[in-house]
Amino acid sequence: VSSLCMIVYFVIMFQFAMNSHRTVDGMSLSFWEQEPRHFFKRSVSMAGSRVKLQDGLFGRKMDGYHTHLLVWSLEVLPMHLISGLLLVIIRRVPWINRNWSPAAITVGVSLCHIFCLHGLSAFWSLGSASINFLVCRIAVTLAQHHSPSKSRWLIWGCNLLLIAMNNFLEIRFDGSKEVISSQVSKWIMHGICRSQTTLFSPFKTYRYLALRQLSYSLDVLDEVSQAKKKGKNVECQESQSSLQYWAYILYAPLYMHGPCMQYRHFRASSAAVNDLKHKSKHDSSKTERHSRSQLGLSLLIHRFSLILGRLSVGLRELGGTLAMVALLFFALHTFY
């Protein structure tokens, strides 16, 4: 309903901008053509400083308040789509599934995604996640012999300290006027996707990372606490998997947009499976001969329909999101 109302609003505003005029000093001026033109060619006061309006599509000018949406739509969103497509394709390659678990595939694709977006500056995020994982192991060991409340204090204290360090580093580096001599150096330090180094930097996206770190640590601690109450002895290796931890922390589709799911829910998904699909050579050769003899156009169509059926809900949601982004992008360059 909200999406439909937004679309109706944009349609009404588009018709209003195209057909309405305003009168200034006896002159009939159009909303669409941004008149008088001399006003839109000069710089305007924004956040206490003079800013020149940006060139948009269709010969119109846009103010700097839309920079985040434009940068996200043109630089960040394509990388998210490519990473999501890679995860879908790679997980369905038999040779890769026999050698790497889905969690390892998730970590590999997500690392490529992060380094393309952040370059070497992503090491701050990776370092803080490593510190959180070590602290979580200590907290779990402490909870097995003492009260879980002490472990919670340790987890919260560590993450609050990391957040304070991130805020300090953000003021220190993102606020400075950094001069990079060459484009190659800029790509190495800040990734190949972002043209503006201050927008969507690792320090600004860290707040989402901190939420995932807390979700992992507290979920694992609750699992150990519940097992302790039932009289079960849970080993650290059983309750914690470093590969599942990194798959959850670095999961590419959620990396810059917050934890849409908690760790205990993510661990139940296919992206966090930590087991290989082992097959003996005799069984694999037998199945390969059988598949070659049975492989045909009808089988391919059947497999494709099954995959499409599993992805239908996600594809509908993705299509709706892309349609809304395209509508907002068009509105910014036209009547908005």
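Report the FRET efficiency, 1/(1 + (r/R0)^6), for Leu111 and Phe16, where r is their Cβ-Cβ distance and R0 is 35 Å, rounded to 0.05.
On the way: r = 48 Å, r/R0 = 1.37.
The value I calculate is 0.15.
Calculate, for Phe123 and Ile82, the FRET efficiency according to 1/(1 + (r/R0)^6) with r their C-beta to C-beta distance and R0 30 Å; round to the nearest 0.05.
The formula returns an efficiency of 0.85 here.
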### Task
Estimate the FRET efficiency between Trp95 and Gln262 by the formula 1/(1 + (r/R0)^6), using the beta-carbon distance for r and 25 Å for R0, to the nearest 0.05.
0.15
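Compute the Cα gyration tensor for segment 81-145, then decide on rounded, prolate or oblate, letting a ≥ b ≥ c be the square roots of its eigenvalues: rounded whenever a/c is under 1.5, prolate when a/b is larger than b/c in the other cases, and oblate in all that remain. Numbers along the way, then the final one.
Details: a/c = 3.73, a/b = 1.50, b/c = 2.49.
Because a/c hits 1.5 or more and a/b fails to exceed b/c, segment 81-145 counts as oblate.
If I stretch the segment between Val8 and Phe173 completely, what's the gain in nm (0.36 nm per residue apart, minus their alpha carbon distance), one decimal? Walk me through the intermediate numbers first.
On the way: separation 165, 0.36 × 165 = 59.40 nm, distance 4.30 nm.
Gain in length upon complete extension: 55.1 nm.
Output the peptides 108-119, 151-162 sorted from most to least packed, where packing is the average of other Cβ atoms within 10 Å over each peptide's residues.
On the way: 108-119: 21.0, 151-162: 17.2.
The peptides rank, most packed first, as 108-119, 151-162.
Computed from the coordinates by the stated procedures, all read-outs in this text should not be read as laboratory data. Keep in mind that this is a model prediction, so the values were computed, not measured. Every residue, glycine among them, receives a Cβ derived from its backbone with ideal geometry; neighbour counts consider all protein chains shown.
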